[in-house]
Amino acid sequence: MRAADLLRAGALVAFGTETVYGVGADALNAQAVAAIFAAKGRPHFNPLICHYESEEAAFAHVEAPEMARRLADTFWPGPLTMVLPRRVTCPVALLAGAGLETLAVRVPAHPVAMRLCRAFGRPIAAPSANRSGGVSPTSVAHVMAGLEGRIAAVIESGPCRVGVESTVVDLSGPEPFLLRPGGVNLEALEAAIGPVRRGITPGRAEASRTLRSPGLLVSHYAPALPLRMAAKDVRADEGLLAFGPPLPGAGAVFQLSESGNLNEAAARLFEGLHWLDAAAGLAGIAAMPVPETGLGLAINDRLARAAAPRG
Ligand code: TXA
Ligand code: MG
């Protein structure tokens, strides 16, 4: 496979996963990993997820407690990332984990991602294939819009079934902690391993949370246009991100899900943000309310980041 040869040569290759498109590099090659940060314009303290062909391959590089094995058996391959302590023998470039003693690992389910991991035979460090601070890509067109000329190749992989990034759960501490809601529901996680802590708990400042997972900076997922969440009305100079019957009067409408289906809405979310962001003559985006259940948690998390004040 030509893409695997490019990775071996230290080049960057974008490929589809079931969540979003990633831009990948040889995780063992620190220079190749550095090239990811350069291509994305991403701050170096952001640790990356390493993609593996199998549970065995992943757990050869990180220490996996019983709970991690149960999650792997239940959700891999699939949209779940686990943060676990690196083994002392772990050969992954330190830069890939931003110098942390933990490593984020995932076994993707998309056939293209799986084939690439197998053909390459080493972990692939891959963040979402967008410029830093931009919206995550769910098509080759999105990838090209942000990274054309900055990467060696992109593999046409069709649409992304899930449409939001993987759920990130930290299993390196005394109790499991949800770092990022995503493609695997919290309900499903808890059904497999019991209570998972999330959010800012008393004594846990926002600063410590962002230090723990620096990619979760509040303004991480930002379209260029300002965005209002849970809009009850919409102006003629705003684009509407509709969920269910659209509010009247918008300058442009992107329907996430006519029937109010959260999975459909998640799969279309980034498409909608990209599309409204690119539409002519709009001054902002108004997003209709999305319920806080199932994938609604991940959708609202992304919308809150998009709505956060820019630094
Ligand atoms: O669905 C996905 O996860 C996609 C596809 C390509 O797999 N990837 C993705 O990667 O979203 P990225 O780099 O955009 O997001 C990785 C997230 C960030 O929030 C980062 O801070 C967190 O995972 N993360 C990575 N390593 C970590 C670590 N060692 N400790 C805490 N958080 C970590
Ligand atoms: Mg990202």
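Given the conditions (1) touching a strand residue (DSSP E or B) at 6+ places or on another chain (Cβ under 9 Å); (2) under 15 Å from Val23 (Cβ atoms); (3) away from ligand 2 (no atom under 15 Å from the Cβ), report the number of the one that Gly149 does not fulfil.
So the condition that Gly149 fails would be (1).
Considering segment 121-134 alone, what residues qualify as being farther than 18 Å from Glu18 by Cβ and of a type outside the set (Gly, Ala, Ser)?
Selection gives Arg122, Arg131.
Is there any pair linking a residue in segment 105-121 that is farther than 13 Å from Arg2 by Cα and within 11 Å of ligand 1 (Cβ to nearest atom) to one that is among the charged types (D, E, K, R) and assigned to a helix (DSSP H, G or I), with Cβ under 9 Å and at least six apart or on different chains, and which?
Here the result reads Val107/Glu55, each pair linking segment 105-121 to a residue that is among the charged types (D, E, K, R) and assigned to a helix (DSSP H, G or I).
Somewhere in segment 136-148, is a residue within 13 Å of ligand 1 (Cβ to nearest atom), part of a loop (DSSP other than H, G, I, E, B), within 22 Å of Asn46 (Cα to Cα) and not polar (S, T, N, Q)?
Checked against the condition, which is being within 13 Å of ligand 1 (Cβ to nearest atom), part of a loop (DSSP other than H, G, I, E, B), within 22 Å of Asn46 (Cα to Cα) and not polar (S, T, N, Q), segment 136-148 yields at least one hit.
Suppose we keep only residues that are over 17 Å from the mean Cα position of the chain (by Cα), closer than 19 Å to Met82 by Cα and not in a loop (DSSP other than H, G, I, E, B) within segment 27-58. Which one would you say is nearest to ligand 1 (Cβ to nearest atom)?
Ala58
Glu175 versus (1) acidic (Asp, Glu); (2) modelled with pLDDT of 95 or more; (3) assigned to a loop (DSSP other than H, G, I, E, B): which is the lone unmet condition?
Condition (2) is where Glu175 drops out.
Got at least one residue in segment 35-51 being more than 15 Å from ligand 2 (Cβ to nearest atom), at pLDDT 95 or above and either among the basic types (Lys, Arg) or surrounded by 24 or more Cβ atoms within 10 Å (Cβ to Cβ) (or both)?
No, that holds for no residue.
In segment 112-131, what residues are assigned to a loop (DSSP other than H, G, I, E, B) and either surrounded by fewer than 17 Cβ atoms within 10 Å (Cβ to Cβ) or of a type in the set (A, V, I, L, M) (or both)?
Within segment 112-131, Gly121, Ala126, Ala129, Arg131 qualify.
How many of the residues making up segment 145-173 are acidic (Asp, Glu) and surrounded by fewer than 20 Cβ atoms within 10 Å (Cβ to Cβ)?
So the count comes out to 2.
Could you list all residues from segment 66-120 that are more than 19 Å from Pro181 (Cβ to Cβ), within 16 Å of ligand 2 (Cβ to nearest atom) and at pLDDT 95 or above?
Passing the criteria: only Ala113.
Does Met67 qualify as being within 12 Å of ligand 1 (Cβ to nearest atom) and either assigned to a helix (DSSP H, G or I) or surrounded by 20 or more Cβ atoms within 10 Å (Cβ to Cβ) (or both)?
So Met67 does not fit the description; no.
The values are calculated or read from the model by the stated rules, or taken from the named source; none is laboratory data. As the structure is a computational prediction, the values presented were derived from the model and not from experiment. Here Cβ is always computed from backbone atoms with ideal geometry, including for glycine, and neighbour counts include all displayed protein chains.
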